[in-house]
Amino acid sequence: MTVQIDHALEEIRRFRPSPEFAAQSVADPALYEAANADRLGFWADQARELLTWHKPFTRTLDWSNPPFARWFDDGELNVAVNCLDRHVAAGLGDRVAIHFEGEPGDSRDITYAELTDEVKRAANVLEGLGVGTGDRVAIYLPMIPEAVVAMLAVARIGAIHSVVFGGFSSDSLASRIDDAEAKLVITADGGYRKGRVFPLKPTVDEAIGKSAGSVENVLVVQRTGNDITLEPGRDEWWHDTVGAAASEHEATAFEAEHPLFILYTSGTTGKPKGVVHSSGGYLTQVAFTHKYVFDLHPETDVYWCTADVGWVTGHSYVVYGPLANGATQVLYEGTPDTPHPGRWWEIVEKYKVSILYTAPTAIRSFMKLGRQIPHEFNLRSLRLLGSVGEPINPEAWIWYRHVIGGGSIPVVDTWWQTETGAIMISALPGITDLKPGSAQVPIPGISIDILSDDGTPVEGEGGGLLVVSEPWPSMLRGIWGDPERFKETYWEKFGDKYFAGDGARRDEDGDIWLLGRVDDVMNVSGHRLSTAEIESSLVAHPWTAEAAVVGASDETTGQAVVAFVILKASQADVASADVAAASEELRKHVATQIGAIARPRQVFIVNELPKTRSGKIMRRLLRDLAEGRQIGDTTTLADTSIMQIISEQVK
Ligand code: 6R9
C-alpha cells in the first residue's frame, strides 16, 4: 500500500524562533552535526553527559542479533539514583521536584530531598515484602505523588513496574496482572475525578479475584477515605508501612539492559502488548529529549506535562525525563474542567508554569469553550508549548500558540510511541523554523525513512510508511513473554528497520508530516486521502470544534469519506435549527479546501466522539456505524455509553 496524499492541506505560515528565545536556548545546531558525523558516538556522549553511571560502559550498541538491541550493555546504573540521590548530592535537595495539586484543591510541594527519602522508605518496604530484582509490580494509582514514588521505588530495587491506568476496568487490570505475573499491587482507596471519588481498591480486589493468583500483597495509599476492606495478611496501608520504614536505603546498580518497566498498549489484535523498556538507553533518550525538546532550564523553569502516569507520556515526561534532569514540575490529579472550566489555566497561573506539554484533543476541547476562559488567567509565565498523541491540526496549533501562548512562543509537535519510549520527531525550539501541523525533523541521532510498501524510499510529496531505520537507545526491547509477536509486529515488514504503523510524507524542505495510522488511510475512487487531512479541513471551519473522519466502504468509489463533527457551543443552536444545511455547508467547505474528491459523503453532527481513556478517537467504531454494522467492542472507551448516544443522533 502506498500512501499518497493528493490534496495536501497546508497552513503556509512559518514561525522563526525569536532572537531572544534562540539566544537562551539550550539546543545548538552542533547537536545535529555531531550526530550526523558519528551517530553512536553522539549517543555515547549523551549517555555519559546526562546520566551518572556506577560502572561506565565501553560498548555503545550491540546490534548483532536484530531486532534485539543492546545499548551501553557493559555499563551499570541505578535509574532512581539518577532521578533523585545524585541531585541531592549535588546540593539541589531543597529544589521542588513536584508541585502537587489535587483535584479538590489540596496541594503539596515535595523537594528532591523529600522525594528521595520517600522513595528510599518505599524501597525498604518493597524489599521487606520480598520483592526482588526482576519481580513485577503492578501500579494502579491516581495522579498523586505516591504514583511517582512507587515507580521509582520499584526501579530502585531493580524490580519491574507495570503501571495500569486508573480508569481501566478490573478485567483489564486482571489480564495485565496475569500477563506480567505481578507479585505486588500498589493502589489507593480511591482518587478524585470530576468532583467525585472514584474507588480503586474494590477494583483491585475484583481483579485479584479474577486473576490466576500471582499477587501476594497489596499496598494501599489512603487518598480519599472511602470505605474499603483490607484483607489480613495480604493488604497493608502505605502510610503504616512506608511511613514507618527507615529512610536509609543503599541502592545497587543494575546492568544498562536490565528491564525497567512493562507498559501495555493496544495493538491490532484484541490482546494488549506488554511493551518492555530497559534502563540505560531509555533513560538516556528521555533525558536528552526532555532537555532539548523542552529547552529545559532546570533552575528557573516550571514544567507541566498533563499526561497520566498510566500512559507512556507520563512515564517518560512526568517521571523519568524531568526527574533525571532535576526539573521542577506540576502534577495535577484531576480533570481539566473541575471544578470550573478554567482549572488548567488557574494552575498555570498559580505555579507560573513555563513549559506546558499536552495533547491536541485537550487543545481542541478548550477551543470549543472559547478563548475567554484562558484569558481570565495570567498565562504570561509560559514560554514553550508542546503537543503529543496525534497529529495536531494547523488550526489547533495556531490557537494554542496565540490564545495560550500569547502569539509568540514556540509550539513543538512531538511524534513518538509507547514503543519508541521517547520523542523521535520534533522541532528543537530555538533552532527549527516551526510549521503548524508538521512534526518536522528527526531529533539528533534518530534515522527516519519513509518507504513504500515494497521498501523503496518515497521521495517528494507522495506519502509512505514511517520507519525508523537505525536502532535507537530508548527503543522497546520486546513484548513481554512474546518475542515472536515483537518480530512480527514491527520487524517482519522491512527487515531490520522498525515499522511504526504510521503514514507520513516529507515536504520539499524535508519536514515530516504524520498522516495518521496506516489503517486510517482511505482510498476514494483510487485517490488516497488521509483522515487527518480531512479532519484538519473540517476543524478549520469556524463552526467546528472537533471532527473524526472514517473511510466507509462504498459501492461505487471503494471507500467514501464519512465525517462526524462536533460543533462549537456558539453554533449549536444555529445547526440544530437546520442540521441538513449545516452538514451540507461542511461538505462544501471540505470540497473547496481540499478538492471535490475529499467531499464527505456524509457529515453527521454529533455531541460526542468515542474516545479511549488516553483521548484517542476510536475510528473503528465510527466505521462500524458508517457502514451500518453492529458496533464492535467498546470496552476500551472512556465512556462506554457514547456509541449508543451517537447512533441515535446519526439515525
Ligand atoms: C506518545 C504516544 C502512538 C501513536 C503514533 C501516532 C500517534 C503520537 C503524534 C502522533 C502525529 C504526533 N501520535 N504523537 N501522530 N503527530 N505528534 O502518543 O504514544 O499512545 O503509543 O501512541 O500516536 O499514530 O503511532 P502512543
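What follows draws every value from the coordinates through simple rules; no lab data is involved. Not measured: the values here are computed from a predicted model. Backbone-built Cβ (ideal geometry, glycine too); neighbour counts: all protein chains shown.
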### Summary
Given the candidates Thr289, Ala22, Ile160, the one whose Cα lies deepest towards the positive end of the charge dipole of the chain, counting +1 at each Lys or Arg C-beta and -1 at each Asp or Glu C-beta, is Ala22
## Note on the structure
A correct Karplus calculation of ³J(HN,Hα) over segment 328-341, with 6.51 cos²θ - 1.76 cosθ + 1.60, θ = phi - 60°, whole Hz and x for Gly and Pro, returns 9, 9, 9, 10, 10, 6, x, 8, x, 10, 10, x, 9, x
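Taking the Cα centre of segment 325-365 as the origin, how large is its charge dipole in debye, to the nearest 20, when only Lys and Arg (+1) and Asp and Glu (-1) carry charge on their Cβ atoms? Intermediate results must be reported in sequence, preceding the final value.
On the way: 4 positive and 4 negative charges, 20 e Å.
The calculation lands at about 100 debye.
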### Query
What does the highest-first list of 483-491, 504-512, 72-80 look like by mean Cβ count within 10 Å?
72-80, 504-512, 483-491
### Query
How far apart, in nm, are two points set 7 Å out from the Cα along the Cα-to-Cβ line at Ser641 and at Thr229?
2.9
### Query
Given 0.36 nm per residue, what is the gain on full extension from Glu484 to Ala89 after removing their alpha carbon distance, in nm?
137.8 nm
### Query
Assigning unit charges at the beta carbon (Lys, Arg +1; Asp, Glu -1) and nothing else, what dipole magnitude in debye, to the nearest 20, does segment 6-504 show about its Cα centre?
840
### Gain upon complete extension [Asp433, Glu584; 0.36 nm per residue less C-alpha separation]
50.6 nm
### Task
Report, as a whole number in µm² per second, the diffusion coefficient that Stokes-Einstein gives for segment 525-649 at 37 °C and 0.692 mPa s using the Kirkwood radius over alpha carbon pairs.
223
### Message
If R₀ is 56 angstrom, what is the calculated FRET efficiency for the pair Arg108 and Glu555, using the beta carbon separation as r and rounding to 0.05?
### Response
0.40
### Summary
With Cα coordinates, the longest principal axis of the chain makes an angle with the long axis of helix 280-293, in degrees rounded to 10, of 50
### Summary
If N is the residue count of the chain, its Cα Rg over 2.2 N^0.38 Å rounds to 0.93
### Task
Towards the positive end of the charge dipole of the chain, with charges on Cβ (+1 Lys, Arg; -1 Asp, Glu), say which of Val549, Phe494, Ala44 has the farthest Cα.
Val549
#### Entry: Residues in segment 400-431 that a label on Asn36 would reach, taking backbone N under 17 Å of a point 7 Å out along Cα→Cβ
426-428, 431
### Query
Modelled label-to-label distance, Arg371 and Asp171, 7 Å Cα→beta-carbon offset: nm?
4.6
### Message
Quick check: pseudo-label points 7 Å beyond the Cα along Cα→Cβ at Glu627 and Thr265, how many nm apart are they?
### Response
2.5
### Query
How high is the FRET efficiency from Val650 to Phe198, r the C-beta distance, R0 30 Å, rounded to 0.05?
0.50
### Message
Cut-off under 16 Å on the C-alpha distance; same-chain residues fewer than 8 positions from Lys487 excluded. Which aspartates and glutamates are left, in chain and number order?
### Response
Glu419, Glu470, Asp496
### Query
Can you work out the FRET efficiency for the pair Asn65 and Gln602, with r the C-beta to C-beta distance and R0 = 60 Å, to the nearest 0.05?
0.75
### Task
Relative to the longest principal axis of the C-alpha atoms of the chain, give the angle of the C-alpha long axis of helix 39-50, reported between 0 and 90° and rounded to the nearest 10°.
50
